[in-house]
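Read the figures in this text as sums done on the coordinates, not as results from a lab. Quantities reported herein were computed from a predicted structural model and do not represent experimental measurements. For neighbour counting, all protein chains shown are included, and Cβ atoms are generated from backbone atoms with ideal geometry for every residue, glycine included.
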Amino acid sequence: MATADDIPSDLALEIGEDIDPRKFVASVREFFAYVESAATTPGTTSKLDWRVKVRDGSSILALVPAPTMLRSEALAAYARVEAATKALVSGDTSAARLDDATLEHARKLSELTIGKLGSIPMRVWVHRKPILFGPTVADFIREETKPTYQDFGSIEGTLNAIQDGSGGLQLRIRDPLWQRAVKCFVPEGMLADAMRHFRERVELSGEIYYRKDDTPESIRVARLEMLPSDDDLPDLRDMRGMLASGSA
C-alpha cells in the first residue's frame, strides 16, 4: 500500500495491484465521474477542470486542478469530495444529501473492489490522507436508496427523458422540492401522451415509492395532467389588477 509520500497530489485514487485491465479502466472512469459529481457545487451545472497525474510504476491515479481553476474552487472541491467519501464509507448517505449521480458512480466504483479471490484494496486520498473505499459502500447505497414504503399521491415537475445503460429511454420528473429526479413508470397506453409533454410541467398521480429518508424514488403513473407554464401565469401587475377588481 502507498504512503503519503507516494501520493503526488491532493486528490488521488489508489487501486490495488494485480487488477484486471478492464476493471482498472472502469475504476478510472467511475472515479473521474464520482469526483466530477461530488465536487460540483450544489445547485450549479458548471464543471471543474482537472488534469491527470499518474505515478510511474504505481496504480495511483491523481487529479490536479487545471491552471484555470481558482485555488478557492480547488479547496472547496477537495472538501466536498472528502465529506462525500467519508459519508459513504460510514453509511451516512442521507445526512450527506448526495445526489443520485454521485451515489451511482460511488456504487459502481465500490463494486469494482470485489474480486474473485476477495476484495481489491482501493483508497481515496484527499490532502494525502487515505480513506478506505471497499465493497460495503455499495451495500450502504443499495440499502439507502431502495424503496421502503409506498402511498398514492401526486408529484409536480418537469417531465424529462434520459438514456439508460441498456440504450432505452427512462422518463423522469424533476421538482425543485426534491434533490433528485423521480423515475416514472408509465403504462404503454400513456407513453405517447407523456412524450407530447416532454420538458413541460406536469402533475403525475399514482403509486409513489419512497426511500427510507421519505423522499420519492419512483412513481407508477395512473394519471397525467399538464400544468400551465411560468409564462402563462399572471405576473405581479396582473395580480394587482385582479385584486383591485375584486375589491371594487
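Taking 18 Å as the straight-line reach from the Cα of residue 129, the aspartates and glutamates in range (excluding those fewer than 8 positions away in the same chain) are 5, 6, 10, 14, 82. Scaled against the 2.2 N^0.38 Å expected of a compact globular protein of N residues, the Cα radius of gyration of segment 149-231 reads 1.03. Taking 25 Å as the limit for the C-alpha separation, the pairs 116/212; 86/108; 116/183; 53/116; 47/212; 86/212 exceed it in the case of 116/212; 116/183; 53/116; 47/212. Less than 9 Å Cβ to Cβ from residue 212, Lys/Arg counted +1 and Asp/Glu -1: what total charge do the surrounding residues give? Overall, the nearby charge balance is -2.
The length gained by stretching the chain between residue 151 and residue 90 to full extension, at 0.36 nm per residue less their Cα-Cα distance, is 19.0 nm. Quick check on segment 1-153: take the gyration tensor over C-alpha atoms, sort the square-rooted eigenvalues as a ≥ b ≥ c, and tell me if it's rounded (a/c under 1.5), prolate or oblate. Since a/c reaches 1.5 but b/c is at least a/b, the shape of segment 1-153 is classed as oblate.
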